[in-house]
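Engineer: Here's a structure for you.
The values are calculated or read from the model by the stated rules, or taken from the named source; none is laboratory data. In this text the structure is predicted, and so the values were computed from the model without any measurement. When we count neighbours, we look across all protein chains shown, and the Cβ atoms used for this are built from the backbone with ideal geometry, even at glycine.
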Ligand SMILES: O=C(O)/C=C/C(=O)CC(=O)CC(=O)O
């Protein structure tokens, strides 16, 4: 099934069930007011939501309306946790090379992960607000999974059973703030502002054969200002699958229902697939042409991130955002 949230009813939005073709929706009133509420009681809520999804697709649900993506909040407008991995080593190698840092051997056996911002997510059409272009405005196109309650110290095999929903994220990154911030040794803060989530999250069964071995085997498409930017294969070069990433996050603490676990920026060894962030594109240009040619994003630029199924249909809907200057408070 496919689930989203309307920008109505409070800070956590209003849960809706969305048709497979993303054209229609129905409020999940009577089952759960918000997606977080549904995840808190997933074993009861999921079958009831799924029954509503089936009747919506069959055309016999009540209260159906046409879906307007502009009215959507992020499916989880705020979440208790967002932990973001970095499972695609070609990305790690390139961004580190760009700032003259080494890739330790342990990164190939022990997932890299940080505690990201979850207090507020942009909706799929919300503008990205940044105070200055000098920050080096970048996107990171990624896949996320959403868990139910995960006990502490689960194995990857056990963790796999706790992956309930899958979606996309634009992990907005401010590249010029990263070197100084990471040099302090405490991790990202100012360099990782709010991220945007896809219009809908979907259950793994919605992905058919594309969801295998806890990886999503499809390309993730990014366009910048309407131009193709990249379509790396998400099932290729993923060093750690989602069950390993969830188990890693849960090693010393339980994860609460609604925890969002990110894959890291989708990247392939094969540079002909393009990039999912400007930092990588600039590194490839430096290697091939001696210097980066493509600037980071500017105010007014648009980013579009989407994944299509084998028939060319959008699975999660598109994240489509304009970069906008945030005025300073008076
Ligand atoms: O090491 C750096 O300079 C920056 C790293 C990231 O921004 C990585 C990150 O957010 C995780 C990922 O997308 O793979």
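Engineer: Taking the stated definitions as given, is residue 251 at pLDDT 95 or above and over 29 Å from residue 17 (Cα atoms)?
Structural biologist: Values: at pLDDT 95 or above: yes; over 29 Å from residue 17 (Cα atoms): yes.
So residue 251 fits the description; yes.
Engineer: Answer yes or no as to whether residue 261 is within 13 Å of the ligand (Cβ to nearest atom), under 16 Å from residue 113 (Cβ atoms) and either outside any loop (DSSP other than H, G, I, E, B) or without any contact (Cβ under 8 Å) to a residue 40 or more places away in the chain (or both).
Structural biologist: On the way: within 13 Å of the ligand (Cβ to nearest atom): yes; under 16 Å from residue 113 (Cβ atoms): yes; either outside any loop (DSSP other than H, G, I, E, B) or without any contact (Cβ under 8 Å) to a residue 40 or more places away in the chain (or both): yes.
So residue 261 passes the test.
Engineer: Scan the strands (runs of 3 or more DSSP E) fully inside the range 139-246 and keep the ones with 1 or more residues being in the same structural domain as residue 285 (by TED's automatic domain parsing), over 24 Å from residue 271 (Cβ atoms) and in contact (Cβ under 8 Å) with a residue 40 or more places away in the chain.
Structural biologist: Values: elements: 141-147, 163-170, 221-224, 227-230.
It comes to 141-147, 163-170.
Engineer: Now for a separate question. Would you point out which residue out of 269, 288, 280 is out of contact with any strand residue (DSSP E or B) (no Cβ under 7 Å at 6 or more places or on another chain), surrounded by fewer than 19 Cβ atoms within 10 Å (Cβ to Cβ) and in a helix (DSSP H, G or I)?
Structural biologist: Values: 269 fails: in a helix (DSSP H, G or I); 280 fails: surrounded by fewer than 19 Cβ atoms within 10 Å (Cβ to Cβ).
Unique residue meeting the criteria: 288.
Engineer: Looking at (1) farther than 13 Å from residue 260 by Cβ; (2) assigned by TED's automatic domain parsing to the domain that holds residue 247, find the lone condition where residue 121 falls short.
Structural biologist: (1)
Engineer: Name the one entry in 95, 144 that is within 13 Å of the ligand (Cβ to nearest atom) and modelled with pLDDT under 95. First the steps, then the outcome.
Structural biologist: On the way: 144 fails: modelled with pLDDT under 95.
Just a single option satisfies the conditions, and that option is 95.
Engineer: If I go through the range 64-84 residue by residue, how many of them are farther than 18 Å from residue 20 by Cβ and away from the ligand (no atom under 16 Å from the Cβ)? Give the derivation first.
Structural biologist: The initial filter retains those residues of the range 64-84 that are farther than 18 Å from residue 20 by Cβ, namely 70-71, 73-74, 76-84.
If we keep only those that are away from the ligand (no atom under 16 Å from the Cβ) as well, we get 70-71, 73-74, 76-80.
Matching residues across the range 64-84 total 9.
This table checks each residue for (1) surrounded by fewer than 16 Cβ atoms within 10 Å (Cβ to Cβ); (2) closer than 24 Å to residue 234 by Cβ; (3) near the ligand (Cβ under 10 Å from one of its atoms).
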site: 160; (1), (2), (3): no, yes, no
site: 165; (1), (2), (3): no, yes, no
site: 168; (1), (2), (3): no, yes, no
site: 171; (1), (2), (3): no, yes, yes
site: 181; (1), (2), (3): no, no, yes
site: 186; (1), (2), (3): yes, no, no
site: 189; (1), (2), (3): yes, no, no
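Engineer: Now, a different point. I'm told residue 60 meets every condition in (1) out of contact with any strand residue (DSSP E or B) (no Cβ under 8 Å at 6 or more places or on another chain); (2) assigned by TED's automatic domain parsing to the domain that holds residue 175; (3) more than 16 Å from the ligand (Cβ to nearest atom) except one. Can you identify the failing condition by its number?
Structural biologist: Just one mismatch for residue 60, condition (2).
Engineer: Using the structure shown, decide if residue 87 is over 15 Å from the mean Cα position of the chain (by Cα) and within 14 Å of the ligand (Cβ to nearest atom). It would help to see each step written out before you state the result.
Structural biologist: Values: over 15 Å from the mean Cα position of the chain (by Cα): no; within 14 Å of the ligand (Cβ to nearest atom): yes.
In short, no.
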